[in-house]
Amino acid sequence: MARKFTPKVVTANDLLDGDVIYLTATNEWSRDHADAQLIEDEALAEERLAHAAGDFARLVGPYLADAVAGENGPEPVHFREAFRTRGPSNYNHGKQAEA
């Protein structure tokens with residue numbers, strides 16, 4: 001029996017600054033996980049990942065990450081992805097610089 005598809009978002013790292021980025025429904029890249037397109041169809045997820053993989057001048061390491069619908073947009077499911085939404089693990093740069 002085939003496994004049920006888990007909703008996904010496309011994520012990668014920005015090639016120039018290393019920050020985590022997410023593919024939106026309008027083919028833009030956002031640093032905010034809540035802006036990501038929540039993909040609930042497996043074929044569409046593979047198509048969106050292939051699209052991202054073609055953007056090799058902008059990003060590195062695109063992949064599909066599990067997510068769930070939240071009040072303000074997609075939310076990460078796994079600890080690793082939740083950790084990536086917070087930026088680098090030091091406070092000198094990235095998303096945590098404002099904290």
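The values are calculated or read from the model by the stated rules, or taken from the named source; none is laboratory data. Predicted model only: the values in this text are computed from it and were never measured. All Cβ positions, glycine included, derive from the backbone under ideal geometry; neighbour counts span all protein chains shown. Quick note on the areas: whole protein, heavy atoms, side chains included, nothing else; ligands and nucleic acids left out. Shrake-Rupley method; radii C 1.70, N 1.55, O 1.52, S 1.80 Å.
Arrange the peptides 81-87, 32-38 so that the one whose residues have, on average, the most other Cβ atoms within 10 Å appears first. Can you show the working numbers first?
Values: 81-87: 15.6, 32-38: 19.1.
Highest to lowest by the protection proxy: 32-38, 81-87.
Could you tell me which residue out of GLY73, LEU15, ALA53 lies farthest along the dipole of segment 15-91 toward its positive end? Charges go on the beta carbon: Lys and Arg +1, Asp and Glu -1, centred on the Cα centre.
LEU15
What does the charge count around VAL60 come to, taking other residues whose C-beta lies under 12 Å from its C-beta (Lys +1, Arg +1, Asp -1, Glu -1)?
Details: positive: ARG58; negative: ASP14, ASP17, ASP19, ASP55.
With Lys, Arg at +1 and Asp, Glu at -1, the net is -3.
Of the candidates ALA25, ALA43, ALA67, which one comes out as most mobile in a Gaussian network treatment of the chain with C-alpha springs shorter than 10 Å?
ALA43
In degrees from 0 to 90, rounded to the nearest 10, what is the angle of the helix 42-53 Cα long axis to the longest principal axis of the chain?
Roughly 40 degrees, rounded to the nearest 10.
Can you tell me how much longer the chain between ARG31 and ASP14 gets when fully stretched, taken as 0.36 nm per residue apart minus their C-alpha distance, in nm with one decimal? Spell out each step's value before the answer.
Values: separation 17, 0.36 × 17 = 6.12 nm, distance 0.92 nm.
Using 0.36 nm per residue and subtracting the Cα-Cα distance, I get 5.2 nm.
I'd like the carbon and sulfur percentage of the solvent accessible area for the chain, probe radius 1.4 Å, heavy atoms only, ligands and nucleic acids excluded. Don't skip to the answer; put the middle values down first.
Numbers: 3300 of 6310 Å².
Carbon and sulfur: 52 percent of the exposed surface of the chain.
Excluding ligands, DNA and RNA, what is the solvent-accessible area per residue of segment 15-91 at a probe of 1.4 Å, expressed in Å²? Before the final figure, lay out the partial values.
Details: 4680 Å² over 77 residues.
About 61 Å² of surface per residue is accessible.
Just to make sure I understand: if all protein chains stay in place, what is the order of TYR63, TYR22 by accessible area at 1.4 Å, largest first?
If we order TYR63, TYR22 from most to least accessible, we get TYR63, TYR22.
Take the Cβ-Cβ distance between GLU71 and GLU46 as r, set R0 to 35 Å, and report the resulting FRET efficiency rounded to the nearest 0.05. Mind dumping the intermediate values first?
Numbers: r = 28 Å, r/R0 = 0.79.
It comes to 0.80.
Against the globular-protein guess of 2.2 N^0.38 Å, express the Cα radius of gyration of the chain as a ratio, rounded to two decimals. Don't jump to the answer; show the numbers that get you there.
Numbers: Rg = 13.5 Å, N = 99, 2.2 N^0.38 = 12.6 Å.
Cα-based Rg divided by the globular estimate yields 1.07.
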